[in-house]
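Peer 1: Mind having a look at this structure? Questions to follow.
The values are calculated or read from the model by the stated rules, or taken from the named source; none is laboratory data. Because the structure is predicted, anything quoted here is derived from the model rather than measured. Positions of Cβ are generated from backbone atoms using ideal geometry, with glycine treated the same way; all protein chains shown enter the neighbour counts.
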Amino acid sequence: MHSVPEEKLLKGKPVSEHVYNRLGEQLSFLKSNNVTPKLTVILVGEDPASQVYVRRKGKACEKLGILSETITLPAETSEETLLARIQELNTDDSNHGILVQLPLPSHIDENRVIRAINPAKDVDCFHPQNVGLLVSGNPYVLPCTPAGIMEMLDYYNIPTSGKHVVVAGRSNIVGKPMANLLVQKNNRANATVTVVHSRTQNMAELTKQADILIAAIGKPRFFTAEHISNGTVVVDVGINRIDADTEKGYKLVGDVDLDSVSTLVEKITPVPGGVGPMTIAMLMQNTVLAAAAQENVVFP
Ligand code: NAD
């Protein structure tokens, strides 16, 4: 148990429910146009965390009435075989979304695989064409975790316009697209963004200047009172397993040491139960948007 008062917690569940309600309406509209979106997830190998994520994605589809298929391939699958499966899905009109679960085994070139996905079906927003559209302010779909964070900030009425947001982490999945979304010129963004990473010097000096800190470095309880000023809004993206005296032998903690920062933060997302539920909700949103685009359905 942590010591953060309930009213400071930014929970993901109500926000994801809000997104699911919105999607329910869009799905009904698609249905009235004889369209049922379909998402195909490809999982290569048997990474336990990936298996959990893939199962959750399938369940979310089921809950909403989105068709889903999971293709499970052995860890020794060749790059050519994987590319051939993607090619089949690229040209299958009944399939609207393709998600290749990362990380891939080391003998497969992740970039080559991402580039092979038809951008219209790239529900992760990883394809360079979609990344380019995002950066230029004209996105096709939005990257799931960063878009989920934007949705949370909006839901909880936390403005970003003119605010100093420090993004910790520069991965292609979280840090970089997060910074890109936040600097866009629109009412939901307009932030002044600093990105800090593993080579940043005097990191605490920078994070202490943040109105909003987005922690996405994958280091358990790294950020403490030393890094955060009074009144900061903290979004903790980290999901880290640490040994614990639980049935499973581990528990999940974020990148932020909740106990250390509890009196300082204005608001904070808990781990688990914060950003986590949002990523899958946004994946569902992208699948719906990709289906509408491919089937030429325009929402009212
Ligand atoms: P990553 O390992 O690809 O990237 C981590 C980044 O953090 C790197 O850019 C690195 O420069 C930076 N970094 C590492 N150590 C640092 C340090 N000591 N100081 C400053 N910067 C440092 O990880 P990722 O895929 O971006 O994920 C980050 C975390 O978010 C992980 O814990 C991951 O499990 C979690 N995650 C959560 C969700 C979700 O849905 N909540 C989704 C994706 C990732």
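Peer 1: Quickly run through the stretch 223-241 and pick out the residues that are crowded, with 19+ Cβ neighbours inside 10 Å and over 17 Å from the mean Cα position of the chain (by Cα).
Peer 2: F223, H227, I228, T232, V233 - these are the residues of the stretch 223-241 that are crowded, with 19+ Cβ neighbours inside 10 Å and over 17 Å from the mean Cα position of the chain (by Cα).
Peer 1: Check the stretch 252-261 and report whether any residue there is within 28 Å of L23 (Cβ to Cβ) and in contact (Cβ under 8 Å) with a residue 40 or more places away in the chain. Before the answer, list the steps.
Peer 2: Applying the first criterion (within 28 Å of L23 (Cβ to Cβ)) to the stretch 252-261 yields 252, 254.
Filter once more, so that each one left must be in contact (Cβ under 8 Å) with a residue 40 or more places away in the chain: none.
No: the stretch 252-261 contains no residue that is within 28 Å of L23 (Cβ to Cβ) and in contact (Cβ under 8 Å) with a residue 40 or more places away in the chain.
Peer 1: Could you please let me know if P159 is within 28 Å of P220 (Cβ to Cβ) and more than 16 Å from the ligand (Cβ to nearest atom)? Talk me through it step by step, then tell me what you get.
Peer 2: Details: within 28 Å of P220 (Cβ to Cβ): no; more than 16 Å from the ligand (Cβ to nearest atom): yes.
No; evaluated as a whole, the condition is false for this residue.
Peer 1: Determine the pairs where a residue that is in a strand (DSSP E or B), located within the stretch 65-80, has a partner that is surrounded by 17 or more Cβ atoms within 10 Å (Cβ to Cβ) and of a type in the set (D, E, K, R) with Cβ atoms under 8 Å apart, the partner being 6 or more residues away or on another chain.
Peer 2: From residues that are in a strand (DSSP E or B), the pairs are L67/K38; S68/K38; S68/K57; E69/K38; I71/R85; L73/R85.
Peer 1: I'm trying to understand the selection: among the residues of the stretch 143-173, which are closer than 11 Å to M278 by Cβ and either exposed (fewer than 15 other Cβ atoms within 10 Å of the Cβ) or in contact with a helix residue (DSSP H, G or I) (Cβ under 7 Å, 6 or more places away or on another chain) (or both)?
Peer 2: Here is the first cut: in the stretch 143-173, the residues closer than 11 Å to M278 by Cβ are 144-153, 155.
Those that are closer than 11 Å to M278 by Cβ and either exposed (fewer than 15 other Cβ atoms within 10 Å of the Cβ) or in contact with a helix residue (DSSP H, G or I) (Cβ under 7 Å, 6 or more places away or on another chain) (or both): C144, T145, P146, A147, G148, I149, M150, E151, M152, Y155.
Peer 1: Select from the stretch 242-265 the residues that are surrounded by 14 or more Cβ atoms within 10 Å (Cβ to Cβ) and acidic (D, E) and write down the one among them that is farthest from L99 (Cα to Cα).
Peer 2: For the stretch 242-265, the residue satisfying everything is D259.
Peer 1: How many residues does the stretch 195-208 hold that are polar (S, T, N, Q) and surrounded by 14 or more Cβ atoms within 10 Å (Cβ to Cβ)?
Peer 2: Looking only at the stretch 195-208, we keep the residues that are polar (S, T, N, Q), and these are 198, 200-202, 207.
Remaining after also requiring surrounded by 14 or more Cβ atoms within 10 Å (Cβ to Cβ): 200, 207.
Looking only at that region, the number is 2.
Peer 1: Next question. Among the residues of the stretch 102-118, how many are of a type outside the set (D, E), over 23 Å from A292 (Cα atoms) and part of a loop (DSSP other than H, G, I, E, B)? Give the steps one after another, and end with the answer.
Peer 2: Step one: of the stretch 102-118, the residues of a type outside the set (D, E) are 102-108, 111-118.
Next, only the ones that are over 23 Å from A292 (Cα atoms) stay: 102-108, 111-113.
From what's left, part of a loop (DSSP other than H, G, I, E, B): 102-108.
Residues meeting the conditions: 7.
Peer 1: Please go through the stretch 272-284 and pick out each residue that is small (G, A, S) and assigned to a loop (DSSP other than H, G, I, E, B).
Peer 2: Scanning the stretch 272-284 gives G273, G274.
Peer 1: Something else about it: Given the structure, is K63 touching a Leu at 6+ places or on another chain (Cβ under 7 Å) and among the charged types (D, E, K, R)? Quick ask: steps written out before the conclusion?
Peer 2: Details: touching a Leu at 6+ places or on another chain (Cβ under 7 Å): no; among the charged types (D, E, K, R): yes.
Answer is no for this residue.
Peer 1: Looking only at residues that are more than 9 Å from the ligand (Cβ to nearest atom) and either part of a loop (DSSP other than H, G, I, E, B) or touching a Phe, Trp or Tyr at 6+ places or on another chain (Cβ under 6 Å) (or both) in the stretch 220-229, which one is farthest from N240 (Cα to Cα)?
Peer 2: Let us first name the residues in the stretch 220-229 that are more than 9 Å from the ligand (Cβ to nearest atom), namely 221, 223-229.
Filter once more, keeping what is either part of a loop (DSSP other than H, G, I, E, B) or touching a Phe, Trp or Tyr at 6+ places or on another chain (Cβ under 6 Å) (or both): 221, 224, 228-229.
On the way: R221: 9, T224: 16, I228: 20, S229: 24 Å.
Among those that are more than 9 Å from the ligand (Cβ to nearest atom) and either part of a loop (DSSP other than H, G, I, E, B) or touching a Phe, Trp or Tyr at 6+ places or on another chain (Cβ under 6 Å) (or both), it is S229.
Per-residue answers, yes or no, for (1) near the ligand (Cβ under 10 Å from one of its atoms); (2) part of a loop (DSSP other than H, G, I, E, B); (3) modelled with pLDDT of 95 or more; (4) not assigned by TED's automatic domain parsing to the domain that holds N33:
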position	(1), (2), (3), (4)
V235	yes, no, yes, yes
T263	no, yes, yes, yes
P270	no, yes, yes, yes
N286	no, no, yes, yes
L289	no, no, yes, yes
A292	no, no, yes, yes
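Peer 1: Here's something else I'd like to know. May I ask you to list the residues in the stretch 174-219 that are free of Cβ contacts under 8 Å to residues at least 40 places away in the same chain, on the phi < 0 side of the Ramachandran plot, away from the ligand (no atom under 12 Å from the Cβ) and part of a loop (DSSP other than H, G, I, E, B)?
Peer 2: N187, R188, A189, A191, K208
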